[in-house]
Amino acid sequence: MTYKEKLRDPRWQKKRLQIFSRDNWTCLSCGGKDKNLQVHHVVYSKLDPWDYPDHLCQTLCEGCHEIRQQLTDKAVDALRIAIKDIPTVRLSVIAQRLCNAAMEGL
């Protein structure tokens, strides 16, 4: 199943509506209610779109979603450059600590 097909799957449609409802049908970035709303996955993994925990999904309007994705891509690129010379074993420890700290903030 392609990603596009997965976005048409009833399991995703149900999850999407739950996220919109939770977020009061409002973009969490700009506060817009009269815009094309989308669900942004805060992180991507090998999960199907409907299998992400709710706390890793947020309602964004189309414009804010695109901006968020561009900023995320830039941040990931910058992080890759910053960590390129760190040994893998040490990097594993750093990544786990960052992940734990991020999860505590949710």
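Every number here is computed from the coordinates shown, using simple stated rules; none is lab data. These figures come from a predicted structure and were not determined experimentally. For neighbour counting, all protein chains shown are included, and Cβ atoms are generated from backbone atoms with ideal geometry for every residue, glycine included.
Side notes on the structure shown:
- Charge dipole (the chain, unit charges on Cβ, about Cα centre) - positive-most of Val42, Pro87, Tyr52: Tyr52
- The candidate values are (i) -0.52, -1.01; (ii) -0.48, -0.82; (iii) -0.42, -0.90; the one derived from this structure for log10 I(q)/I(0) by the Debye sum over Cα atoms at q = 0.12, 0.18 Å⁻¹ carries the label (i).
- Set of aspartates and glutamates near Lys4 by C-alpha distance (under 16 Å), chain-local residues within fewer than 8 positions excluded: Asp48, Asp51
- Positive minus negative residues near Pro49 (Lys, Arg vs Asp, Glu; Cβ under 14 Å): +3
- Label point distance in nm, Ala82-Cys30, each placed 7 Å from Cα along Cα→Cβ: 2.8 nm
- Selection from Ile19, Thr2, Gln70 lying farthest towards where the dipole of the chain points positive, charges on Cβ: Thr2
- Extension gain, Gln18 to Asp73, is 17.1 nm, computed as 0.36 nm per intervening residue step minus the present C-alpha separation.
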